Amino acid sequence: MAKVYLDYAATTPLAKEVAKAMAPYLKQGFGNASSLHQWGRKAREAVETSRQQLSEFLNCSLTEVFFTGSATEADNLAIFGVIRATLRQAQGKLQNFKPHIIISSIEHPAVLEPVKHLEKAGEIEATYLPVGKEGIVKVADLEKAIKPPIRKPSVSNGAGNTVLVSIMYANNEIGTIQPIAEIGKIIHQSPIANHQSPVIFHCDAVQAANYLDCDVQKLGCDLLTLSAHKIYGPKGVGVLYVKKGTPVEPIIFGGHQENGLRPGTENVAGIVGFGAAAAAISNLKSQIANIAKLRDKLSNGILKNIPGTALNGSRENRLPNNANISFQGVEGESILMALDQKGIAVSTGSACASGSLEPSHVLMALHNSPIKAHGSIRFTLGRYTTASEIDYVLKVLPEVIEKLRKISPIK
């Protein structure tokens, strides 16, 4: 039976060059990077080499790259860290102050859930920007949502100025690409976002890193999140870019590592792998056209040959490896399990939310019905996907859908 992996948005296989770079630090180079002896110095040198590789990838300084245990942690650090710093700065100056956060309605749970937690706790106000049927935020909506800074020493009714905007670069479920550079300009050029009370811009670029320019100078973001295992690196290591001068406080305590912003003994081998993966992304750029061609072959074949199907998200303004398709009259998890039995790996949405029985918040934000959202499958391709694998999926899938529709209670 064929083995076809089409879930690259969930995780990617470890690249050979990355495994090779990591190997010495899984064996003889096992030292603690905080130790002063030669084993520790060797580990520290490896960490700083990787920091250099990430800084080159992001076009930022070494001191602006902070390693974390995951992209989820990096997103949480960005949100909780900014709010903690903002509240501390406002203490004794503004009464009943509530910082205002703006995010899109289709953010990853790693951004969405921290914001909801803070909102429920009464610590912030939050605005969730809607998206159109293609899943794209309107820049005009964002500009209107920004609240001006407070000038009075006392505040009533918990009103507050906008302190943070968080918009993901490319959506993990539908692959839609947001106009991040344009958003960055709006945030920093808006008369509301002035030097006395700047609005901080965070961008989750986890899905974008393989395919889109992550030059933070061009994007205009103050904070940006990356994940190693989405770019053919190891699991268990993320990065938060923090522009110099951006107020962020730690959310973990107990050490001096990462300049005190992210305490804890560094995952040296994982960090080395992250650096190697980032350095190798330029090699993937040459494969983008072929990945997009295979993606189009898959999505066009499904839409043409299987009735009752529809593409979710933008046809043009999306990642080249993503195809999210709804199948009328079938439950998504049934499709996933049936394809798994045929040796094909796909997803019903974000792997981080796969345990939830609720319909995808991303697909619901596109004005889909719960039934349509539940009947959606995410196909994501990668550097190792082949034409023969796509042919196999197109051969197997119509029969799978036909059988499931015959026994499905959904009509």
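The values are calculated or read from the model by the stated rules, or taken from the named source; none is laboratory data. Since this is a predicted model, take the numbers as computed values, not measurements. Note that each Cβ is placed from the backbone with ideal geometry, even for glycine, and that neighbours are counted across all protein chains shown.
Would you mind stating whether Ala15 is at pLDDT 95 or above and more than 26 Å from Ala205 (Cβ to Cβ)? I'd like the intermediate steps shown before the answer.
Working: at pLDDT 95 or above: yes; more than 26 Å from Ala205 (Cβ to Cβ): no.
Taking the combined requirement at face value, the residue does not satisfy it.
Looking only at residues of region 93-120 that are modelled with pLDDT of 95 or more and assigned to a loop (DSSP other than H, G, I, E, B), we find that the one that is surrounded by the most Cβ atoms within 10 Å (Cβ to Cβ) is Ile106.
Each row is one residue, and each column tells you yes or no for (1) closer than 22 Å to Leu319 by Cα; (2) outside any helix (DSSP H, G or I); (3) modelled with pLDDT of 95 or more.
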site	(1), (2), (3)
Cys221	yes, yes, yes
Leu224	yes, yes, yes
Lys244	no, yes, yes
Glu249	no, yes, yes
Phe253	no, yes, no
His256	no, yes, no
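In this structure, does Gln28 turn out to be part of a helix (DSSP H, G or I) and either closer than 27 Å to Tyr169 by Cα or not small (Gly, Ala, Ser) (or both)? Here the answer is no, as Gln28 does not meet what is asked. Sub-9 Å Cβ pairs linking a first residue in region 288-305 that is under 13 Å from Arg318 (Cα atoms) to a second residue that is at pLDDT 95 or above and assigned to a helix (DSSP H, G or I), at least 6 apart or interchain, are Arg295/Ile390, ordered by first then second residue.
Within region 133-145, the set of residues being assigned to a loop (DSSP other than H, G, I, E, B), in contact (Cβ under 8 Å) with a residue 12 or more places away in the chain and over 13 Å from Met168 (Cα atoms) comprises Lys133, Glu134. When each of Ala310, Ala289, Ala277 is tested for being in contact with a Ser or Thr (Cβ under 7 Å, 6 or more places away or on another chain) and not aromatic (Phe, Trp, Tyr), the lone residue that passes is Ala310.
Looking at Gly69, Gly29, Gly81, Gly40 in this structure, which one is surrounded by fewer than 21 Cβ atoms within 10 Å (Cβ to Cβ), within 24 Å of the chain's Cα centre (by Cα) and in the same structural domain as Phe201 (by TED's automatic domain parsing)? Selected residue: Gly69, the only one of Gly69, Gly29, Gly81, Gly40 that is surrounded by fewer than 21 Cβ atoms within 10 Å (Cβ to Cβ), within 24 Å of the chain's Cα centre (by Cα) and in the same structural domain as Phe201 (by TED's automatic domain parsing).
Just a yes or no: is a residue in region 32-55 part of a helix (DSSP H, G or I), hydroxyl-bearing (Ser, Thr, Tyr), more than 24 Å from Ala121 (Cβ to Cβ) and out of contact with any helix residue (DSSP H, G or I) (no Cβ under 7 Å at 6 or more places or on another chain)? Checked against the condition, which is being part of a helix (DSSP H, G or I), hydroxyl-bearing (Ser, Thr, Tyr), more than 24 Å from Ala121 (Cβ to Cβ) and out of contact with any helix residue (DSSP H, G or I) (no Cβ under 7 Å at 6 or more places or on another chain), region 32-55 yields no hits at all. Of note, Leu261 satisfies the criterion of being surrounded by fewer than 24 Cβ atoms within 10 Å (Cβ to Cβ) and either touching a residue at least 12 places away in the same chain (Cβ under 8 Å) or polar (S, T, N, Q) (or both). State whether the residues of region 96-115 include one that is free of Cβ contacts under 8 Å to residues at least 40 places away in the same chain and either small (Gly, Ala, Ser) or assigned by TED's automatic domain parsing to the domain that holds Val393 (or both). Checked region 96-115: no residue is free of Cβ contacts under 8 Å to residues at least 40 places away in the same chain and either small (Gly, Ala, Ser) or assigned by TED's automatic domain parsing to the domain that holds Val393 (or both).
For the subset of region 377-411 comprising residues that are outside any strand (DSSP E or B) and among the hydroxyl-bearing types (Ser, Thr, Tyr), which member is surrounded by the fewest Cβ atoms within 10 Å (Cβ to Cβ)?
Ser388
Val239 falls short on exactly one of the conditions (1) closer than 20 Å to Gly81 by Cβ; (2) under 12 Å from the mean Cα position of the chain (by Cα); (3) not in a strand (DSSP E or B), and that condition is (3).
When Asn290, Asn283, Asn300 are screened for being at pLDDT below 95, surrounded by fewer than 21 Cβ atoms within 10 Å (Cβ to Cβ) and not in a loop (DSSP other than H, G, I, E, B), only Asn283 passes. The sole residue among Glu173, Glu123 that is at pLDDT 95 or above and charged (D, E, K, R) is Glu173. Test of understanding: among Glu182, Glu173, which residue is in a loop (DSSP other than H, G, I, E, B) and acidic (Asp, Glu)? Result of the check over Glu182, Glu173: Glu173.
To keep it simple, each residue is scored yes or no on (1) outside the structural domain of Glu113 (by TED's automatic domain parsing); (2) crowded, with 19+ Cβ neighbours inside 10 Å; (3) more than 17 Å from Ser61 (Cβ to Cβ); (4) not acidic (Asp, Glu).
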{"site": "Phe201", "(1), (2), (3), (4)": "no, yes, yes, yes"}
{"site": "Asn210", "(1), (2), (3), (4)": "no, yes, yes, yes"}
{"site": "Lys218", "(1), (2), (3), (4)": "no, no, no, yes"}
{"site": "Gly233", "(1), (2), (3), (4)": "no, yes, yes, yes"}
{"site": "Gly238", "(1), (2), (3), (4)": "no, yes, yes, yes"}
{"site": "Val248", "(1), (2), (3), (4)": "no, yes, no, yes"}
{"site": "Gly255", "(1), (2), (3), (4)": "no, no, yes, yes"}
{"site": "Ala276", "(1), (2), (3), (4)": "no, yes, yes, yes"}
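Within region 17-42, residues that are of a type in the set (Phe, Trp, Tyr) reach partners that are buried (at least 17 other Cβ atoms within 10 Å of the Cβ) and assigned to a loop (DSSP other than H, G, I, E, B) with beta carbons closer than 8 Å, at six or more positions or on different chains, in the pairs Trp39/Gly29; Trp39/Gly31. Please specify each residue of region 109-129 satisfying the condition of being under 18 Å from Gln178 (Cα atoms) and more than 18 Å from the chain's Cα centre (by Cα). Across region 109-129, the qualifying residue is only Thr127.
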